[in-house]
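> One structure is given below, represented as structure tokens, and several questions about it will come after.
The values are calculated or read from the model by the stated rules, or taken from the named source; none is laboratory data. Small disclaimer: the values here were computed from a predicted structure and weren't measured. Neighbour counts are summed over all protein chains in view; Cβ atoms, including those assigned to glycine, are modelled from backbone coordinates with ideal geometry. For the accessible areas, the whole protein counts, side chains as well, though only heavy atoms, and no ligand, DNA or RNA atoms are used. Shrake-Rupley method; radii C 1.70, N 1.55, O 1.52, S 1.80 Å.
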2 protein chains.
Amino acid sequence: MSLLDYFKISEVSSASLARERLQILVAHERSSRNQPSYLPQLQKELLEVIRRHINVEQDAISVHFEQNDIHETLEVNIILPEPQSKRF
Amino acid sequence: MSLLDYFKISEVSSASLARERLQILVAHERSSRNQPSYLPQLQKELLEVIRRHINVEQDAISVHFEQNDIHETLEVNIILPEPQSKRF
């Protein structure tokens, strides 16, 4: 399954909203559970990158973190402002 | 299907390698195809964030870009160096 397929699955629930979205997913696959987690720091810096370019309100950002023995995944969903706002 | 499930699917092919990986996926869901694409600029800045924290060789990074009418997706796969290298 390609990454694009993954987003096609999630598209169904959001299609009716007709809002632009930016979704950032970060996965760290560790060789052992003793390795340090650096997703929290990465999350902070990713949001700084986004905010430098897009005037996005705090409540337009949702963050979800999942973890098991091997994977840590960070999911950031952003509802983008209307096109007249500052962009890349 | 959760994001973690997506990574579990891809885990099968990479489990035997026992290498640590960092995967970054960015999806821009546009309300129309006339909206500008800013994933190329975002890709550049994301890689700068990673390189500030991890000593990763250029050939350890692979980038894949997919596009259809609604979605643009950027996938960055990074084979992480051994644990003694600089980290977050």
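> In chain B, which residue puts its Cβ closest to the axis that turns chain B onto chain A, and how many whole Å away is it?
Spelled out, residue of B and its Cβ distance from the axis onto A: B:Leu25, 2.
> Leaving out ligands, DNA and RNA but keeping every protein chain, what accessible area does A:Thr73 have, in Å² rounded to the nearest 10, with a 1.4 Å probe?
0
> Another question, then. How many nanometers, to one decimal and shortest first, lie between the label point of B:Asp59 and those of its other copies, if labels sit 7 Å from Cα toward Cβ?
Values, ascending and in nm: 5.2.
> With a point put 7 Å past each Cα toward its Cβ, work out how far A:Asn68 is from A:Asn55 in nm, to one decimal.
In this crude spin-label approximation the distance works out to 4.3 nm.
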